[in-house]
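Here's the structure, in structure tokens; my notes come after.
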Amino acid sequence: MFWTKMRKKIFVLAAAAFLAAGMENFEVVSLAAPAENGIGPGFDNMPAEASGETAETGGETSGEASAETTETAGDGAETPAETGEAAETSGETGAVDIAGLPEIGAVYGAYLYGSGWTANHEDNTWCQAGAGSYVTALRASLENQPENLSGTISYQVNLSGSGWLDWQENYGQAGSTDTAMPLEAVRFALTGQLAEYYDVYYSVYQNGAWTPLVTNGETAGAEAQGLRVDGIRLAVRKKGAGEPEEPAMPASAVDPAKPMIALTFDDGPSGATSRILDALEANGGRATFFMVGNRMRSYPSVINRMVALGCEPASHTWDHSYLTKLSEGQILSNLNQVDDTLESIAGVRTVVVRPPGGFINDASKAALAKRGTPAVLWSIDTLDWKTRNAQKTIDTVLSNVKDGDIILMHDLYETSADAAAVLIPELKNRGYQLVTVSELAGYRGGMQPGHTYSRFRP
Ligand code: ZN
């Protein structure tokens, strides 16, 4: 019971995050009662049935359709008027004219370990975790569903260590947002009358590649082979329309062969943070924000937008304490307070910490190791907090920047936001991909808990 409540709570918070970020409202009404959505006797058997039925239905439908076409042609239907009559006739006999049905689309999101729910993905788009992350839960629904057809999209996940979980629908959460265990495989199926006229196609990103598309209750992903789901692609098409086309790569995709750097902003959030997010959003870039925990409650919408844009919310301690002055117990409780607060605001916890002042010693490293946290320093110090001069900050970065740098700035000053507004498009022009610290690390050897990192050269 507690777990159910907890999951609902986290989900509602995540939904709130979407709202705050200006996303569409996903029928909050339907969220209140996910348990009533088709979890009943026999429901567990649905995938096998759905798969078999759909295959038969698919064959029958296409057989009938071509038979009708042949008959119509035999009747000498060569004019649009007569073709129209044929369609009407089929309507009178009670069948739904598939040609008259609208295109419908899937809407979906994934919970990515270490970064939270993705933004809402449109039908047939890549929904993929960054390096070092993976999918622990997903949710989906349909848009443009015709009112006269019953049914919905239903989905089930295989969570590592737990096996296949209950089927979900109506944007209910399948999987867990409170686990380090990845999904291993997924299944989607259409229910009701929708299943007679539409197919659902899906694929997962696993072991460095997208799996072949499967349909209607089949399993995508390998079970019990130690492989994790790192991304999901989902599409709905009318029967007979064939497989969906290959989607374009997302603008935010990272090319591991090209230069990349991590912009980092300390001591916020503040009123200046939004302007930095504006520049990142306009240029398809991301950054890591090492936030002071006790400031976060004043900027919940900024933090939710940060997460929605794919930026990395990270820890700079609760109160800007120097780790070297704290006991192990104090370090653990201080950093947990940051994460608990962040989770209550945006449904996510931090992966990396930046020690205030850059002060760290063996004792603080041991404390970080205990909680599984790496420490991140920097390779370019702009001294923006000291100069409060945007041009000096810009010059420092542009005259020193190299592939793999971690750049230190502070989103506490308008002059730093001024500098960011110039630097972000200019660094992009110079061919740098602006990624988060965790993404940069993921492409350059990764991070170990209790270790410190100041750059990730290729
Ligand atoms: Zn600081």
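Read the figures in this text as sums done on the coordinates, not as results from a lab. Source: prediction; values computed, not measured. Glycine gets a Cβ as well: all are built from the backbone with ideal geometry, and neighbour counts include every protein chain shown.
Computed values, structure above
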quantity	calculated
Span from the region 267-295 Cα centroid across to the region 297-348 one, whole angstrom	14
Inverse of mean 1/r across different Cα pairs in region 183-229, Kirkwood, Å	11.3
Karplus 3J(HN,Hα) series, Hz, for region 189-203 with 6.51 cos²θ - 1.76 cosθ + 1.60 (x for Gly, Pro)	8, 8, 10, x, 5, 4, 5, 7, 10, 10, 10, 10, 10, 7, 7
Calculated FRET efficiency for the pair SER344/ARG275, C-beta based, R₀ 22 Å, to 0.05	0.30
Rounded to 5, percent antiparallel among DSSP beta bridges of region 188-318	65
For region 156-247, convex hull volume per residue from C-alpha positions, Å³	102
Distance from region 393-458 to region 158-188 (C-alpha centre basis), Å	35
Long-range amide H partners of LEU142 with built H, under 5 Å	VAL107, ILE153
For region 258-268, 3J(HN,Hα) per residue [Karplus equation, 6.51 cos²θ - 1.76 cosθ + 1.60, θ = phi - 60°, Hz, x = Gly/Pro]	9, x, 8, 9, 10, 7, 10, 10, 9, 6, x
Label-point separation in nm, ARG457 to LEU383, each point 7 Å along Cα→Cβ	2.4
